[in-house]
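The values are calculated or read from the model by the stated rules, or taken from the named source; none is laboratory data. Because the structure is predicted, anything quoted here is derived from the model rather than measured. Note that each Cβ is placed from the backbone with ideal geometry, even for glycine, and that neighbours are counted across all protein chains shown. What goes into the accessible areas is simple: the full protein's heavy atoms, side chains included, and nothing from ligands, DNA or RNA. Shrake-Rupley method; radii C 1.70, N 1.55, O 1.52, S 1.80 Å.
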Amino acid sequence: FKAVESGTPTTWYYTRMHGNSAVTSYIQDNGDGNVEWLDKSVAANEIDSHLWGFVGNIFDGYKVVNKATEKAIASTGGGNASMAEVASATAFIAMQSDNTTPGTFCLKYPNGNYLNASGTAVAHWWDNDNGSSFFLTEYEEDVVTVSEVAEWATMFLGHAVYVPEGVNVYAVTGVENGYVTKSQLEGVIPANTGVLLNNAGTYTFKKAIATEFANVEGNLMNGSVEDTYVEGTAYVLANHAETGVGMYKAVLNKDAEGNDGETHFLNNAGKAYMVLPAAEATAAFYGFDWNGTTGVEKVEIGNEKS
């Protein structure tokens, strides 16, 4: 894991304990001065209380700091662990775990015991075993802005994220009468899922940590996590003065290496584009105003970063 010598951790982790890497049980600071071990997955509204960072070094030990309360785990000399101000918290020695799962470790108290998941609490334990093994998943978040001018954006991430409040998230299910048809997504956006975002503002998408989420069936949005030259007919989000915001046929003005050509277009990192069946990929533009038809036959538009 990554740690800082002093101050506030810069890297945060979801912290599982007990058993093996498939266990979805996390420790949290419950806000009452105690450390809890909960046999459940992390919920979006509880996320910060489940995040932990490390302050210290391999020689003097590490203090385990909670992101929500900014306090750290402390020794009580026995029994259950508690939370305390960082300055007075316990510095634990990180030890290799007897658990055979790669990447696991234990935290050893100065008195020789180990942190262990016990019932619904985190307590002292005499043995370095599965019960005291830690499994870390690094926390990530993606900040995305939907402009006030367009009020729409696209997004494509390589990991699953929770949907924050205030933004509407849509998969594209098809096109009809010159307009995009959509399906709203709530809760979690699975990894590698292209989506449309609606409602102006800046939003923080927090990484969702369950091992798998079901794919969005029938979604016509694709994308890339890096700048990528995409081959073939596709539609990108753009805002044209005459016809407004919508999905416009991408201009094929690059080759596979990014040089001038007529086979690829540039898709920017973290952005999504729409791919239609060949029979439907004939229009120049599909709009977002579901109140009527566009009547648009041809629009000249470049690929814009939206």
Condition check for residue 186: free of Cβ contacts under 8 Å to residues at least 12 places away in the same chain and more than 30 Å from residue 33 (Cβ to Cβ): no
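Quick check, is residue 53 at pLDDT below 85, surrounded by 15 or more Cβ atoms within 10 Å (Cβ to Cβ) and out of contact with any His (no Cβ under 8 Å at 6 or more places or on another chain)? Reasoning before the result, please.
On the way: at pLDDT below 85: no; surrounded by 15 or more Cβ atoms within 10 Å (Cβ to Cβ): yes; out of contact with any His (no Cβ under 8 Å at 6 or more places or on another chain): yes.
Here the answer is no, as residue 53 does not meet what is asked.
Look through region 68-93, keep the residues that are under 18 Å from residue 17 (Cα atoms) and touching a Gly at 6+ places or on another chain (Cβ under 8 Å), and return whichever of them is most open to solvent (accessible area, probe 1.4 Å).
Quick first cut of region 68-93, residues under 18 Å from residue 17 (Cα atoms) only: 72-75, 79-83, 92-93.
Next, from what is left, pick out any that are touching a Gly at 6+ places or on another chain (Cβ under 8 Å): 82-83, 92-93.
Numbers: 82: 28, 83: 23, 92: 0, 93: 60 Å².
Here the answer is 93.
Just to be sure before I move on: is residue 42 open to solvent by less than 20 Å² (accessible area, probe 1.4 Å) and either at pLDDT below 85 or not charged (D, E, K, R) (or both) in the structure I sent?
Values: open to solvent by less than 20 Å² (accessible area, probe 1.4 Å): yes; either at pLDDT below 85 or not charged (D, E, K, R) (or both): yes.
Considered against the rule, which asks whether it is open to solvent by less than 20 Å² (accessible area, probe 1.4 Å) and either at pLDDT below 85 or not charged (D, E, K, R) (or both), residue 42 comes out as yes.
Which one of these is within 24 Å of residue 67 (Cα to Cα), open to solvent by less than 30 Å² (accessible area, probe 1.4 Å) and either among the aromatic types (Phe, Trp, Tyr) or modelled with pLDDT of 95 or more (or both): 179, 139, 170? Break it down into steps so the answer makes sense when it comes.
Working: 179 fails: within 24 Å of residue 67 (Cα to Cα); 170 fails: within 24 Å of residue 67 (Cα to Cα).
Of 179, 139, 170, the one residue that is within 24 Å of residue 67 (Cα to Cα), open to solvent by less than 30 Å² (accessible area, probe 1.4 Å) and either among the aromatic types (Phe, Trp, Tyr) or modelled with pLDDT of 95 or more (or both) is 139.
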Count - residues of region 203-241 that are among the aliphatic types (A, V, I, L, M), more than 16 Å from the chain's Cα centre (by Cα) and surrounded by fewer than 16 Cβ atoms within 10 Å (Cβ to Cβ): 1
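Out of the residues in region 184-202 meeting the condition of being open to solvent by 50 Å² or more (accessible area, probe 1.4 Å) and part of a strand (DSSP E or B), tell me which one is modelled with the highest pLDDT.
To start, the set of residues in region 184-202 that are open to solvent by 50 Å² or more (accessible area, probe 1.4 Å) comprises 184, 186, 192, 199, 202.
Right, trim to part of a strand (DSSP E or B) and you get 184, 202.
Details: 184: 93, 202: 98.
Of everything passing the filter in region 184-202, 202 is modelled with the highest pLDDT.
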Answer residue from region 112-130, given it is at pLDDT below 85 and farther than 21 Å from residue 100 by Cα and is nearest to the chain's Cα centre (by Cα) among those: 120
Residue pairs meeting the criteria (Cβ under 9 Å; at least 6 apart or on separate chains; first on the phi > 0 side of the Ramachandran plot, in region 144-173; second open to solvent by less than 40 Å² (accessible area, probe 1.4 Å) and assigned to a strand (DSSP E or B)): 151/198; 151/245; 166/201; 166/203
